[in-house]
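These notes are about the structure you will find just below.
What follows is calculated from the coordinates using simple rules that are stated; it is not laboratory data. Only a predicted model underlies this, so the values are computations on that prediction, with no experimental measurement involved. Reconstructed Cβ throughout: ideal geometry from the backbone, glycine too, with neighbour counts over all protein chains shown.
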Amino acid sequence: MSETYTLSFNIKAMDFSAAGEASSTIKKVLMHLGMPPSVIKRAAVCSYESEMNIVIHSYGGTLTLSIDSSQVIINAIDIGPGIPDIEKAMEAGYSTAPEEIKEMGFGGGMGLPNIRDNADILEITSSSAGTNVKIVINIGG
Amino acid sequence: MKVSEIANTLNLKLLSGAGGLDKEVNDVYICDLLSFVMSHASENSLWITVQTHINIVAIAVLIGISCIVIPESISVDEDTLLRAEKESIPIFTTPYTAYQLACRLRELGI
């Protein structure tokens, strides 16, 4: 695989009925391409948490999967309102999710920490105009 | 042990996802915090949770959970059952509490 394969999904804010579908498709694509199980598992965690972050915390956005010969890259880009304190958001257990979302089992403050633990590279930029999360998983390890 | 064998032995009631009854179960995971399940549950687990909304099916697909069991006869959302049917993730209900069910699963050697 020398060319980059790309697949994008629109993610709607607060659409819990579709939540997880993009990540499920990403997992199926990676399995179809014969990726190592550890890469599939890590990409599944990262894409799911990114997708749920867009659903719960943003006004909507896109989740994009890019694959080349050495890396799986997941870009989660939303249109705001941004993360006020990225450092705090990276702390396990810190959550700004509303109570009714927490009752559904979301918003445990583990999303970004889970992504950090499963990514080889994690880059987050955020402003009131939106958040851009770039996750890189090396296929070779 | 297969999902169907566990269900028959413990008299679990199948609500949806019959296409996955032949899957193997090697482990049990009990948790209702979805991100925690996502990062800690292992493939081929039987998952016990009181969450019943559609997202539990996505989690099961992503991790490779073999089946979901809802304890204490909690009713399950219709759209959850439709998605489970489509993805062949068996969802069961039981009057047991999560603890009682875990004890019975232990007796089965899981």
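Some notes on this structure:
- Shape box of the protein assembly as shown [Cα atoms, principal axes, largest first, Å]: 53, 43, 28
- The C-alpha atoms of chain A define a longest principal axis, and helix A:21-32 lies at about 20 degrees to it.
- Spatially proximal lysines relative to B:K23 (Cα-Cα < 28 Å; intrachain offsets below 8 disregarded): A:K27, A:K28, A:K41, B:K2, B:K13, B:K86
- Pair-distance distribution P(r) for the stretch A:1-125, from all Cα-Cα distances in 10 Å bins starting at 0: 13, 46, 32, 8, 1 percent.
- Using distinct alpha-carbon pairs, which all enter the 1/r mean, Kirkwood radius of chain B in Å: 13.3 Å
- Across the stretch B:3-107, the relative contact order, built from alpha-carbon pairs under 8 Å that are at least six residues apart, equals 32 percent.
- Working from Cα pairs under 8 Å separated by at least six residues, relative contact order for chain A is 27 percent.
- A cut-off under 9 angstrom between Cβ atoms defines the neighbours of A:S23, and their net charge, with Lys, Arg +1 and Asp, Glu -1, is -2.
- Charge-dipole axis of chain A as Lys and Arg at +1 and Asp and Glu at -1 on Cβ define it, positive-most pick from A:P81, A:L33, A:G105: A:L33
- Residue-by-residue Karplus 3J(HN,Hα) for the stretch A:105-121, coefficients 6.51, -1.76, 1.60, Hz, glycine and proline x: x, 9, x, x, x, 10, x, 5, x, 4, 5, 4, 5, 10, 9, 7, 9
- Long-range amide H partners of B:S16 with built H, under 5 Å: B:I91
- For chain A, the longest principal axis of the alpha carbon atoms and the long axis of helix A:37-57 meet at an angle near 30°.
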